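Participant: Sharing a structure with you now.
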Amino acid sequence: QVQLVESGGGWVQPGGSLRLSCAAADNIFHQYIMEWHRQAPGKQRELVASMSPTGSETYGDSVKGRFTISRDNIRNTVSLQMNSLKPEDTGVYFCPAKPTRWASGYWGQGTQVTVST
């Protein structure tokens, strides 16, 4: 079983920033696509950002220009810098590791992000 551990969630006011991190096992990190997804109450899980092993980035339309994904190949971590947060960014954030874009991959327990006044 591959372990993925998300951290960095919390409460923040609208307009604020948070940085999420995800630690992955060494045997997958360098070969797998690392993604961030979020699950908001009553909504379908959505892809927030993705980064390939070669560093190619993609973002969901709702977060473009506000969120940035990055990976540290020495520490085997992937981060999500979230700026200009909105209440609709609230949800549980997960960082799956996938061998291919269409695979279900490995998932952690998630970290809660709450954006409210």
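Participant: With a 1.4 Å probe and every protein chain left in place, work out the accessible area per residue of the chain in Å², rounded to a whole number. Walk me through the intermediate numbers first.
Facilitator: Details: 6270 Å² over 117 residues.
So the chain comes to 54 Å² accessible per residue, rounded to a whole number.
Participant: Now a separate question. What per residue convex hull volume, in Å³, do the alpha-carbon atoms of the chain yield?
Facilitator: 94 Å³
Participant: Please enumerate, by chain and number, the aspartates and glutamates with C-alpha under 13 Å from the C-alpha of Lys43, excluding those fewer than 8 residues away in the same chain.
Facilitator: Reachable aspartates and glutamates: Glu88, Asp89.
Participant: Moving on. For the pair Ser52 and Gln13, how long in nm is the line joining their label points, each one 7 Å along Cα→Cβ?
Facilitator: Reported label-point gap for Ser52 and Gln13 is 4.2 nm.
Participant: Please give the residues of the range 1-42, grouped as numeric ranges, whose backbone N is less than 20 Å from a label point set 7 Å along the Cα-to-Cβ vector of Lys64.
Facilitator: 35-38
Participant: Now, a different point. Gaussian network model of the chain, Cα springs within a sub-10 Å range: biggest mean-square fluctuation belongs to which of Lys98, Lys86, Lys64?
Facilitator: Of the options given, Lys64 has the highest mean-square fluctuation.
Participant: Using per-residue counts of other Cβ atoms within 10 Å, averaged over each peptide, order 13-23, 75-85 from highest down. Don't jump to the answer; show the numbers that get you there.
Facilitator: Numbers: 13-23: 16.1, 75-85: 19.1.
The most tightly packed comes first, giving 75-85, 13-23.
Participant: What list of ³J(HN,Hα) couplings, whole Hz, do you get for the range 66-80 from phi and the Karplus terms 6.51, -1.76, 1.60, once you set θ to phi - 60° and write x for glycine and proline?
Facilitator: For the range 66-80, the Karplus-derived couplings read 10, 10, 9, 9, 8, 9, 10, 6, 8, 8, 6, 10, 10, 10, 10 Hz, x marking Gly and Pro.
Participant: While we're looking at this one, here's another question. Select from the range 88-117 those chymotrypsin sites (Phe, Trp or Tyr not before Pro) which occupy a DSSP coil region and have at most 13 other Cβ atoms within 10 Å, ordered by residue number. Don't skip to the answer; put the middle values down first.
Facilitator: Numbers: sites: Tyr93, Phe94, Trp102, Tyr106, Trp107; in loops: Trp102, Trp107.
Those that pass, being in a loop and sparsely packed, are Trp102.
Participant: Hey, what number do you get for the chain at 222 nm if only DSSP H runs of n ≥ 4 count, each worth -39500 (n - 2.57), divided across all residues, to the nearest 500?
Facilitator: On the way: 1 runs with 4 residues, N = 117.
Taking each H run of at least 4 residues, the total per residue is -500 deg cm²/dmol.
Participant: For Lys64, give me every one of the lysines with a C-alpha distance below 19 angstrom, ignoring sequence neighbours fewer than eight places off in its own chain.
Facilitator: Partners within reach: Lys86.
Participant: With a bin width of 5 angstrom, please list the P(r) values of the range 16-66 as percents of all Cα-Cα pairs, from the 0 bin to the one holding the largest distance.
Facilitator: Bins of 5 Å from zero give 4, 16, 22, 27, 18, 9, 3 percent of pairs.
Participant: In terms of modelled amide H atoms, which long-range or inter-chain residues lie less than 5 Å from the amide H of Val48?
Facilitator: Trp36, His37, Arg38
Participant: Please report the carbon-and-sulfur percent of the accessible area for the chain; probe 1.4 Å, protein heavy atoms only, DNA, RNA and ligands left out.
Facilitator: 48 percent
The values are calculated or read from the model by the stated rules, or taken from the named source; none is laboratory data. Just so you know, these numbers come straight off a predicted model, no measurement behind them. Here Cβ is always computed from backbone atoms with ideal geometry, including for glycine, and neighbour counts include all displayed protein chains. What goes into the accessible areas is simple: the full protein's heavy atoms, side chains included, and nothing from ligands, DNA or RNA. Shrake-Rupley method; radii C 1.70, N 1.55, O 1.52, S 1.80 Å.
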